[in-house]
Amino acid sequence: MTQQMQIKDPAAKGSTPTEIKEATGFSYPTIRKYLAKEDFSPKRPVKRTEESILDPYKPLLAKMFEEDRRIYHKQRHTAKRIHRRLVDEHGFEGSYSTVQRYAKELKAQARLEAAKGPFLGLEWPAGTMQVDSGRPTSTTAGASPACTTSPSRSRSPTTASPSCSATRRPCACARA
């Protein structure tokens, strides 16, 4: 049984804090605290809503990062260089760490956008697969030989030559 229940249960039955103290051994401040609280769940942290010192400069930083995407990677702005430019050119009074955190966010967003890129996601419905069960044929000087070839079934890497599908022996027509 939790401390809260050891205190709340007797109180609900009409016990006084003194009786609860004698029965459980908890101090008066602990008993009063638990009797006063209804909900013991931890409170969710509240996100700060105040303005950042960097807010007026964010469009400028976004423009810098957009321009940096088009140039050689060694010449892109670092967080230190961005901070120095903001201080020198725009009179920024914030700290380097503020700029560094925002630059890190912008780089992470850029990486996510780049990861999406020109690739298509493959979707395979459950229970289906794609199989190629065709057999290759070889053509020598415009004429098709009588046999078709298939990969060797041997596990030895030295005998990895194609074999005739009819005789399962190394085939000269596949080497031509």
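Test Lys21 against the stated conditions and say whether it is surrounded by 10 or more Cβ atoms within 10 Å (Cβ to Cβ) and in contact with a Phe, Trp or Tyr (Cβ under 7 Å, 6 or more places away or on another chain). Here the answer is yes, as Lys21 does meet what is asked. Taken as a whole, the condition of being open to solvent by 100 Å² or more (accessible area, probe 1.4 Å), out of contact with any helix residue (DSSP H, G or I) (no Cβ under 6 Å at 6 or more places or on another chain) and of a type in the set (Lys, Arg) does not apply to Lys58.
For the range 68-84, the candidate set comprises residues that are at pLDDT 85 or above and not hydroxyl-bearing (Ser, Thr, Tyr); within that set, the residue that is farthest from the chain's Cα centre (by Cα) is Arg84. Among the residues making up the range 37-54, those that are polar (S, T, N, Q) and surrounded by fewer than 10 Cβ atoms within 10 Å (Cβ to Cβ) are Ser41, Thr49. When restricted to residues that are more than 23 Å from Ile53 (Cα to Cα) and loosely packed, with under 15 Cβ neighbours inside 10 Å, the range 68-95 contains 7.
The values are calculated or read from the model by the stated rules, or taken from the named source; none is laboratory data. Source: prediction; values computed, not measured. Here Cβ is always computed from backbone atoms with ideal geometry, including for glycine, and neighbour counts include all displayed protein chains. Areas reflect the complete protein model, heavy atoms only, side chains present, ligands, DNA and RNA absent. Shrake-Rupley method; radii C 1.70, N 1.55, O 1.52, S 1.80 Å.
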